[in-house]
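Participant: I'd like to ask some things about the structure below.
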Amino acid sequence: MQHKPDLWYGTTIVSIRKGGKVVIAGDGQVTLGTQVIKSQARKVRRLAGGHVIAGFAGATADAFALFERLEMKLEQYPAQLARACVELAKDWRTDRYLRRLEAMMLVADKNVSLVLTGTGDVLEPEDGVMSIGSGGGFALAAARALATVDTLDAEYIARRSIEIAGDICIYTNKNIIVESLDV
């Protein structure tokens with residue numbers, strides 16, 4: 001892949017569902033070309049009065065627009081995260097404005113964890129582990145390996161996975177934000 005200096009790069013978001021917890025963690029780096037623009041961005045947050053956690057990768061303004069839309073869908077379909085996400089994905093694919101948004105999201109509540117994309121995907125991981133962003137592949141590999149260790153909890157696995165991704169991916173740092181829910 002050719003590096004494009006005028007594009008924003010960065011972000012690693014990972015989610016782990018293990019041991020009665022679901023965790024979403026993300027790094028804080030935002031990069032424009034070869035420069036770090038911000039090192040402590042907050043890409044993980046709570047939605048729906050704290051009952052849903054979410055993280056995003058991609059254009060920040062686009063992600064905020066999607067968070068707002070997801071909040072509206074969650075108001076329409078309270079305590080139905082999967083339904084709200086499917087409805088958002090439908091809008092994302094068909095609405096002329098939303099279709100141009102460039103972001104991905106990981107979302108979770110006490111019942112389900114999902115990946116949302118602009119291509120209409122609403123995917124649930126088979127193993128309770130998922131990741132997105134420039135360092136997503138590295139974090140996913142680390143998280144899957146660490147998740148097999150019975151003595152490690154979800155938060156430790158999420159943090160360590162981001163750290164490992166940060167060691168490999170130049171668009172990922174170790175300023176980690178974590179949100180969790182009891183399941």
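Participant: Restricted to the stretch 108-133, and to residues that are of a type in the set (D, E, K, R) and touching a residue at least 60 places away in the same chain (Cβ under 8 Å), which residue is farthest from D95 (Cα to Cα)? Talk me through it step by step, then tell me what you get.
Facilitator: Applying the first criterion (of a type in the set (D, E, K, R)) to the stretch 108-133 yields 109-110, 121, 124, 126-127.
Cutting the leftovers down to touching a residue at least 60 places away in the same chain (Cβ under 8 Å) gives us 109-110.
Numbers: D109: 26, K110: 29 Å.
My answer is K110.
Participant: Can you find even one residue in the stretch 26-41 that is in contact (Cβ under 8 Å) with a residue 60 or more places away in the chain and touching a helix residue (DSSP H, G or I) at 6+ places or on another chain (Cβ under 6 Å)?
Facilitator: Yes.
Participant: Further question: I'd like to verify a number: residues in the stretch 134-145 that are in contact (Cβ under 8 Å) with a residue 40 or more places away in the chain and either over 17 Å from G58 (Cα atoms) or hydrophobic (A, V, I, L, M, F, W, C) (or both), how many?
Facilitator: So the answer is 4.
Participant: Further question on the same structure: Might you let me know whether the stretch 45-57 holds any residue that is more than 19 Å from V22 (Cα to Cα), of a type outside the set (V, I, T), surrounded by 20 or more Cβ atoms within 10 Å (Cβ to Cβ) and touching a helix residue (DSSP H, G or I) at 6+ places or on another chain (Cβ under 8 Å)?
Facilitator: Checked the stretch 45-57: no residue is more than 19 Å from V22 (Cα to Cα), of a type outside the set (V, I, T), surrounded by 20 or more Cβ atoms within 10 Å (Cβ to Cβ) and touching a helix residue (DSSP H, G or I) at 6+ places or on another chain (Cβ under 8 Å).
Participant: Here are some residues: L101, L81. Which one is modelled with pLDDT of 95 or more, farther than 16 Å from G26 by Cα and out of contact with any Cys (no Cβ under 8 Å at 6 or more places or on another chain)?
Facilitator: L81
Participant: I'd like to know if the stretch 94-104 contains one or more residues that are closer than 24 Å to D167 by Cα and either in contact with a strand residue (DSSP E or B) (Cβ under 8 Å, 6 or more places away or on another chain) or free of Cβ contacts under 8 Å to residues at least 40 places away in the same chain (or both). If you could, list the steps in order and put the result at the bottom.
Facilitator: In the first step, residues of the stretch 94-104 are kept if they are closer than 24 Å to D167 by Cα; the result is 103-104.
Now drop any that are not either in contact with a strand residue (DSSP E or B) (Cβ under 8 Å, 6 or more places away or on another chain) or free of Cβ contacts under 8 Å to residues at least 40 places away in the same chain (or both), which leaves 103-104.
For the stretch 94-104, residues closer than 24 Å to D167 by Cα and either in contact with a strand residue (DSSP E or B) (Cβ under 8 Å, 6 or more places away or on another chain) or free of Cβ contacts under 8 Å to residues at least 40 places away in the same chain (or both): present.
Participant: Going through the stretch 129-159 one residue at a time, which ones are in contact with a helix residue (DSSP H, G or I) (Cβ under 6 Å, 6 or more places away or on another chain), of a type outside the set (F, W, Y) and within 17 Å of G28 (Cα to Cα)?
Facilitator: S131, G135, A139
Participant: Between R46, R42, which is assigned to a loop (DSSP other than H, G, I, E, B), touching a strand residue (DSSP E or B) at 6+ places or on another chain (Cβ under 8 Å) and among the basic types (K, R)?
Facilitator: Residue meeting the stated conditions: R42.
Participant: Just the residues that are out of contact with any strand residue (DSSP E or B) (no Cβ under 7 Å at 6 or more places or on another chain) and either farther than 16 Å from A41 by Cβ or modelled with pLDDT under 95 (or both), please, taken from the stretch 162-172. Quick ask: steps written out before the conclusion?
Facilitator: First, pick out the residues of the stretch 162-172 that are out of contact with any strand residue (DSSP E or B) (no Cβ under 7 Å at 6 or more places or on another chain): 163-164, 166-168, 170.
Residues satisfying the conditions are E163, I164, D167, I168, I170.
Participant: Now for a different question. Restricting attention to the stretch 82-104, does a residue exist that is within 16 Å of the chain's Cα centre (by Cα), among the small types (G, A, S) and under 24 Å from V36 (Cβ atoms)?
Facilitator: Yes, because at least one residue in the stretch 82-104 is within 16 Å of the chain's Cα centre (by Cα), among the small types (G, A, S) and under 24 Å from V36 (Cβ atoms).
The values are calculated or read from the model by the stated rules, or taken from the named source; none is laboratory data. None of the values given here were measured: they were computed from a predicted structure. With ideal geometry, Cβ positions are generated from the backbone for all residues, glycine too; neighbour counts draw on all protein chains shown.
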